[in-house]
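**Q** Let me give you the structure first, and then I'll get to my questions.
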Amino acid sequence: MELSAFNDYLSLEKNYSDHTLHAYIQDIQAFCKFCSQGYALSDIDRADYSLVRSWIVHLVNEGISNRTINRKAASLKAYYKYLQRIGCIEVNPMAKHTALKTSKKLEIPFSETEMVNVLDQIPFDDDFEGTRDKLIIELLYTTGIRRAELISLKIKDVNPIGNTIKVLGKRNKERILPLLPSTKKIFMDYIDKRNALGALIDKEHVFLSKRGNKIYETLVYRIINGYFSRVSSKVKKSPHILRHTFATHLLNKGADLNSVKELLGHSSLASTQVYTHNSISELKKVHSLAHPRSKK
């Protein structure tokens, strides 16, 4: 197995994030364990597709979702493609693999009313944590950044004079995003309260806990879920829904799809188009009101 070299390849050449690297390696190790325990094969470099298919059947029987299985298969496919590239194998056993069918996940964004209710109606505490929480919600909604991007945002990445922030996205791809005046105002207030903390352990990062440590994923989720639970009955209330809301509201107001793509940091329009289904209802309203035939 060439796992350490494969890890370096994904990190250095593909610029995958630590989270993605961990998932890939974990998936491959799981397949290795399956082959070793079930088929006495300790070197998966010699596995053929029949073993892969048996593993997939095993995962299905374990109740793993098709979406998750497809992700695991993608990890394996990338590994064998790497082995083929460096000449360790001649035939990629995953070459003819087809992904399992999955149902499209319908993400329901927050409405404009729900956003106004949270940001303008809910009284946030006028202390460090209250100001931080409001800034997190405001920044996620007005820039569309990912949760991981928000967590890793550093002080040096914020340009209050130019009203922009520099975001390091997937595969270390940078993009510059505009800061709205309302967001900048909350940001400056937050920085004042942040600087007054007793200890700044992770001082290079923008968002900290009251103990001065960099915030973490579950904390961001709890903040979003907590505040939106007060105004929304939607089942899913997560940071990603705010990213979805950002894109949907821009498209509903007539924003160009390519512009939204750049703001979101997508590498292709196909990724951005998943956000367009909610704007169809708005387009129908415009079409109905504007087209001469609609009056007949």
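Values quoted throughout were computed directly from the atomic coordinates according to the rules given, and no laboratory measurement underlies them. None of the values given here were measured: they were computed from a predicted structure. So basically every Cβ, Gly included, is an ideal-geometry build from the backbone, and we count neighbours across all protein chains shown.
**Q** Which GluC sites (Glu not before Pro) in the stretch 152-217 pass both tests, a DSSP loop state and at most 12 other beta-carbon atoms within 10 Å?
**A** Passing both the DSSP loop test and the Cβ count: Glu204.
**Q** Here is a follow-up. Which whole-Hz ³J(HN,Hα) couplings does the stretch 18-27 yield from phi under the Karplus relation 6.51 cos²θ - 1.76 cosθ + 1.60, θ = phi - 60°, glycine and proline marked x?
**A** For the stretch 18-27, the Karplus-derived couplings read 4, 4, 5, 4, 4, 5, 4, 5, 5, 5 Hz, x marking Gly and Pro.
**Q** Ordered by residue, what ³J(HN,Hα) values in Hz, to whole numbers, does the stretch 75-80 give under the Karplus form 6.51 cos²θ - 1.76 cosθ + 1.60, where θ = phi - 60° and Gly and Pro are x?
**A** For the stretch 75-80, the Karplus curve yields 4, 5, 5, 5, 5, 5 Hz.
**Q** State, as an integer percentage, the relative contact order of the chain based on alpha-carbon contacts under 8 Å between residues 6 or more apart.
**A** 16 percent
**Q** Now, a different point. Neighbouring Cβ atoms within 10 Å as the yardstick, rank Leu12, Leu140, Leu119 fewest first.
**A** Ordered from fewest to most neighbouring Cβ atoms within 10 Å, Leu12, Leu140, Leu119 come out as Leu12, Leu119, Leu140.
**Q** Taking the alpha-carbon distance from Lys166 and a cut-off under 18 Å, which aspartates and glutamates remain once sequence neighbours fewer than 8 residues away in the same chain are dropped?
**A** Glu138, Glu149, Asp157, Glu174, Glu204, Glu262
**Q** How large is the translational diffusion coefficient of the stretch 63-136 in µm² per second when you combine the Kirkwood radius over alpha carbon pairs with Stokes-Einstein at 10 °C and 1.306 mPa s?
**A** Taking Rh from Cα pairs, D becomes 93 µm²/s.
**Q** With a cap of 11 neighbouring Cβ atoms within 10 Å, and only residues DSSP puts in a loop, list the trypsin sites (Lys or Arg not before Pro) found in the stretch 1-105.
**A** When the trypsin sites (Lys or Arg not before Pro) of the stretch 1-105 are filtered for loop state and at most 11 Cβ neighbours within 10 Å, Lys96, Lys101, Lys104, Lys105 remain.
**Q** Mind checking the stretch 31-131 for GluC sites (Glu not before Pro) that DSSP puts in a loop (not H, G, I, E or B) and that have at most 11 other Cβ atoms within 10 Å?
**A** Glu62, Glu90
**Q** Just to check I understand the Karplus step: with θ = phi - 60° and J = 6.51 cos²θ - 1.76 cosθ + 1.60, what whole-Hz values come out for the stretch 174-183, glycine and proline as x?
**A** Along the stretch 174-183, the couplings run 8, 8, 9, 10, x, 9, 6, x, 5, 5 Hz.
**Q** When the Cα atoms of the stretch 3-85 are enclosed in a convex hull and the volume is divided per residue, what value in Å³ results?
**A** So the per-residue Cα hull volume is 90 Å³.
**Q** Beyond a 30 Å Cα-Cα separation, which of these cross-linked pairs lie in this structure: Lys185/Lys214; Lys81/Lys203; Lys77/Lys236; Lys170/Lys203?
**A** Lys81/Lys203; Lys77/Lys236, as the Cα separations exceed 30 Å there.
**Q** Along the Cα-to-Cβ line of Val235, 7 Å from the Cα, sits a label point; which residues in the stretch 106-123 have backbone N less than 15 Å from it?
**A** Backbone N within reach: 106-109.
**Q** Amide H neighbours of Thr164 under 5 Å, at least 5 residues apart or on other chains, H built in the peptide plane: list them.
**A** Here the answer is Asn159, Leu179, since their amide H atoms fall under 5 Å of that of Thr164.
**Q** Could you line up Leu197, Leu179, Leu139 from fewest to most neighbouring Cβ atoms inside 10 Å?
**A** By the 10 Å Cβ count, ascending: Leu197, Leu179, Leu139.
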